[in-house]
Amino acid sequence: MSIQIKTLDFEPRRQTFGHVARRLGADKPASRYQEAVLDVQATDNFHYKPLWEPQYWVYDTRKTAVTMQDWYKPLDPRQFYYSTYNIARANMQQAVDRNFTFVEERGLIEKASSAAREAIGRALLPLRHLHWGSNMNMTEICQRGWGTAITAPCIFSSGDHLGMAQIVSRIGLVLDGQTGTSLDAAHKVWMEDAAWQGVRRLIEDSFVERDWFRLFVIQALGINAVLCPLAYRAFDAVWADAAIPVAMLTEFMTDWAAEEGRWTDAVIRVVAAENAQNKALVSGWAAEAIDRAEAAGRQLAAGCLDNDGAVAATAADAARTRARALGLAL
């Protein structure tokens, strides 16, 4: 008896889903990212207009003043969809766990001076509330926004901010021996300390912003581009002997900021370049967001760093330079 092994080639009847093929043309093979993002936004067959906003449909392009011929133009350069996003974050979380293990096993936080520990409690731990507010903002953009190319990475960003709030909380638990007292104290600082009230007001004002793309600009070029660098980089001088362990424990935040910035910059650049009206609107929103973040940062620096606000001005100037590079008129 003889056995013959043959191979057969089967041509797929089509390369991708119909709605993706209609966009890419000629039924070309599509990447997983393209299949997960392109034309996934619901556009028809809604039950009714929401009672709380009867002038709009549940998903409506009119919920922002900026306009786009195609809301799938501002794609994510990272090409994140559910799988790639979770793989990337799992790898980053493993690095976080290794760093916490290193710091805790050697008692590096406990060995810091009392002044440095106090500075961590006052200058760092309240950031958990900043990230919680940012989590709320990105979730709001996701539910009010239009086009999966933007709304999908927004919910990923929302999860990132929740994770960073948990990392800051974990630092507090290392600081207080897992009792949670430092987190209670940080909440009181956030609510009552004069140094934090500018930041708190900025976050709380953003909660009532109804134009979702304006909120996106506030978050990207104000909160992320000014306040986060100020908090995680310029405060190193305060921590003195605790600078190295704190920098290890907040490594996720600095890595995340660079990665997130690639995406938000790409979105703002494409939307602003769409037409002159968009450019004027986004430029005005960016200028206001950076100015407000700088003022809040000056108040924070003056209260927590005994600084004249130079670090806040430096962070704001860097954000303005970044905005101009995106084609905005500041």
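The values are calculated or read from the model by the stated rules, or taken from the named source; none is laboratory data. Note that the coordinates shown come from a computational prediction; the quantities given were computed from them, not determined experimentally. Don't worry about glycine lacking a Cβ; one is built from the backbone with ideal geometry, like all the others, and counts go over all protein chains shown.
Quick look at the numbers
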| quantity | calculated |
| --- | --- |
| Matching residues in segment 26-44 - criterion: being within 29 Å of PHE156 (Cα to Cα) and either in a loop (DSSP other than H, G, I, E, B) or of a type in the set (Lys, Arg) (or both) | LYS28, PRO29, ALA30, SER31, ARG32, LEU38, ASP39, VAL40, GLN41, ALA42, THR43, ASP44 |
| Of the criteria (1) over 12 Å from the mean Cα position of the chain (by Cα); (2) among the small types (Gly, Ala, Ser); (3) farther than 20 Å from ILE244 by Cα; (4) surrounded by fewer than 20 Cβ atoms within 10 Å (Cβ to Cβ), which one ALA149 fails | (4) |
| Cβ-Cβ under 6 Å pairs, at least 6 apart or on other chains, segment 21-35 side more than 27 Å from ASN86 (Cα to Cα) and without any contact (Cβ under 8 Å) to a residue 40 or more places away in the chain, far side of a type in the set (Lys, Arg) and surrounded by fewer than 16 Cβ atoms within 10 Å (Cβ to Cβ) | ASP27/ARG14 |
| Any hit, segment 1-19, residues being under 30 Å from MET164 (Cβ atoms), of a type outside the set (A, V, I, L, M, F, W, C) and not in a helix (DSSP H, G or I) | no |
| Residues of segment 242-253 that turn out to be in contact with a Phe, Trp or Tyr (Cβ under 6 Å, 6 or more places away or on another chain) and closer than 27 Å to LEU326 by Cβ, as a count | 2 |
| Scope segment 149-204; condition in contact with a Ser or Thr (Cβ under 7 Å, 6 or more places away or on another chain) and polar (S, T, N, Q); matching residues | SER158 |
| Residue among ARG233, ARG320 that alone is touching a helix residue (DSSP H, G or I) at 6+ places or on another chain (Cβ under 9 Å) and modelled with pLDDT under 90 | ARG233 |
| Any hit, segment 107-115, residues being surrounded by fewer than 18 Cβ atoms within 10 Å (Cβ to Cβ) and at pLDDT 95 or above | no |
| The lone exception for ALA36 - which of (1) crowded, with 16+ Cβ neighbours inside 10 Å; (2) at pLDDT below 90 it fails | (2) |
| Wholly enclosed helices (runs of 4 or more DSSP H) of segment 220-330 bearing at least 3 residues β-branched (Val, Ile, Thr) and under 30 Å from ASN91 (Cβ atoms) | 251-274 |
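Conditions tested, residue by residue: (1) among the small types (Gly, Ala, Ser); (2) part of a helix (DSSP H, G or I); (3) on the phi < 0 side of the Ramachandran plot.
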position	(1), (2), (3)
ARG117	no, yes, yes
LEU125	no, no, yes
LEU130	no, yes, yes
GLY133	yes, yes, yes
MET138	no, yes, yes
GLN143	no, yes, yes
TRP146	no, no, yes
ALA149	yes, yes, yes
ALA152	yes, yes, yes
